[in-house]
Amino acid sequence: MSILIKTVLTKINKKLNGCRFEGSIKIEIYDEGSIFINEDGASTIDTKVDCIMSSDVETFKGVQSGHIKATNAFMTGKLKIDGNMSIAIKLANILSSKKSAETQD
């Protein structure tokens, strides 16, 4: 498992802590690996998902840091979404929230 994947797993699980994520999604980062997120949290265990988000490392890091808006990356084809897009939007809202999961309603 790459250092990037380990770091992202930790950050996602910290954001998801205390809130139930409904649905399932795979985040595929080309040449790095994949992260699977469902009601149990984030892991690298391959499972069936409702949505797949794919991007290269540069785009993923830009979106994660806030330097690239996910919407812009999607509209320009740098971020691909297959499946139930509402799940991707829900995840993006959780991950971009400035609040910790414990303070979210």
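The values are calculated or read from the model by the stated rules, or taken from the named source; none is laboratory data. As the structure is a computational prediction, the values presented were derived from the model and not from experiment. Here the Cβ is made from the backbone with ideal geometry for all residues, glycine too, and neighbour counts use every protein chain on show.
Taking the criterion of being part of a loop (DSSP other than H, G, I, E, B) and within 11 Å of the chain's Cα centre (by Cα), no residue of region 38-49 qualifies.
Under the condition of being β-branched (V, I, T) and surrounded by 14 or more Cβ atoms within 10 Å (Cβ to Cβ), which residue from region 68-88 is nearest to I37 (Cα to Cα)? Taking the candidates together, the pick is I87.
Name the one entry in I52, I27, I35 that is in contact with a Lys or Arg (Cβ under 6 Å, 6 or more places away or on another chain), modelled with pLDDT of 95 or more and not in a loop (DSSP other than H, G, I, E, B). Being in contact with a Lys or Arg (Cβ under 6 Å, 6 or more places away or on another chain), modelled with pLDDT of 95 or more and not in a loop (DSSP other than H, G, I, E, B) holds for just one of I52, I27, I35, which is I52.
Residues being surrounded by fewer than 20 Cβ atoms within 10 Å (Cβ to Cβ), more than 13 Å from the chain's Cα centre (by Cα) and either of a type in the set (K, R) or within 19 Å of N93 (Cα to Cα) (or both) are entirely absent from region 24-37. Pairing residues of region 15-38 that are at negative phi with residues that are among the acidic types (D, E) and part of a strand (DSSP E or B), at Cβ distances under 7 Å and at least 6 apart in sequence or on separate chains, gives S34/E28. Across region 1-24, the qualifying residues are those that are aliphatic (A, V, I, L, M) and over 12 Å from I37 (Cα atoms), and the one among them that is modelled with the lowest pLDDT is M1. Taken across region 26-39, residues that are touching a Gly at 6+ places or on another chain (Cβ under 6 Å) and of a type outside the set (F, W, Y) do not occur at all.
Name the residue that is modelled with the highest pLDDT, counting only residues in region 68-105 that are in a loop (DSSP other than H, G, I, E, B) and closer than 24 Å to R20 by Cβ. Of everything passing the filter in region 68-105, N84 is modelled with the highest pLDDT.
Within region 38-67, the set of residues being closer than 17 Å to T7 by Cα, surrounded by 14 or more Cβ atoms within 10 Å (Cβ to Cβ) and among the hydrophobic types (A, V, I, L, M, F, W, C) comprises A42, F60, V63.
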